[in-house]
Amino acid sequence: MPTFLTLAEAQAVTEGYHELWVQIHRRIQDEWWGPRNMESPIFQAAGPTARATIIHDMVAAEIRRAPQLVSTDKLDFFAQLIDSEAGAAVVRFKLLDSQLRTMNHVSGQQDLLDRYEFTPEATEQLLLAGMTASPAVLTCGYQLSPGEVGMEAVVVACHYERKLMYCYDLESGQRREALYLPGIEPPEPSIRSRREDSQTGSE
């Protein structure tokens, strides 16, 4: 069964990758918004959706090439898999909006992730990839700067039903955590079968 990580636990699980994730995003920022690329017809023709897709694919390519990292694209999305003594996590790489929400697209598994659920097929893929513990779902994302001419921040965020539960900035160290009513804890995550198409939203 997937596990919910607190902010402190998530930081402990991901700590060894913070510097690498920042380096990858800043390197891609410098390349994408660099003078040579900005003058190219491809850059000038790329709208927001194309830009987000290209940057995501560039991040994924860097993660795949990084030594000793485990990643997969067999979950209906690309993710880095972390399985350590501190805990386990499935880390997605996404563009975040000004309120740190994920930019969603229609997908059965992605929709289930909004509720901390994995399909049986995804669970099988995690086992085949060598995961020995039940993973939490985290997002390593970037926010665009004013004018969309760079990356304002690179953060790790945890969402539930598209609501931000907590996040921490990988460069400034700033943290934000949702407030809950006394005695009310985040819902327990679960694994369940894919829902009917009529019940499936977008992620």
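Take the Cα of residue 99, step 7 Å toward its Cβ, do the same at residue 176, and the gap between the two points is 1.0 nm.
Across region 143-150, rounded Karplus estimates of 3J(HN,Hα) from the backbone phi angles (6.51 cos²θ - 1.76 cosθ + 1.60, θ = phi - 60°) give 9, 6, 6, x, x, 6, 10, x Hz, Gly and Pro being marked x.
Within region 20-66, the GluC sites (Glu not before Pro) that combine a DSSP coil assignment with at most 10 other C-beta atoms in a 10 angstrom radius are 39. Modelled spin-label separation between residue 69 and residue 133, with each label point placed 7 Å from Cα along the Cα-to-Cβ direction: 2.0 nm. Sparsely packed loop sites in region 89-164 (the GluC sites (Glu not before Pro) outside DSSP H, G, I, E and B with at most 16 other Cβ atoms within 10 Å) comprise 161. Residues of region 14-46 with backbone nitrogen within less than 16 Å of a virtual label 7 Å along the Cα-to-Cβ line of residue 84, please, listed as ranges. Counting only backbone N, you get 14-23. Compute the signed sum of charges (Lys and Arg +1, Asp and Glu -1) over the other residues within less than 9 Å, Cβ to Cβ, of residue 167. Summing Lys and Arg as +1 and Asp and Glu as -1 gives 0. In order along region 15-21, the Karplus-derived 3J(HN,Hα) couplings, from 6.51 cos²θ - 1.76 cosθ + 1.60 at θ = phi - 60°, round to 3, x, 10, 4, 4, 4, 4 Hz, and Gly and Pro are given as x.
Over region 7-199, what is the relative contact order in percent, taking alpha-carbon pairs closer than 8 angstrom and at least six residues apart? Relative contact order of region 7-199: 20 percent.
Bear in mind that the values in this text are calculations on the coordinates, not laboratory data. Note that the structure is predicted; figures quoted are calculated from it, not measured. Glycine also receives a Cβ, built like all others from the backbone with ideal geometry; neighbour counts cover every protein chain displayed.
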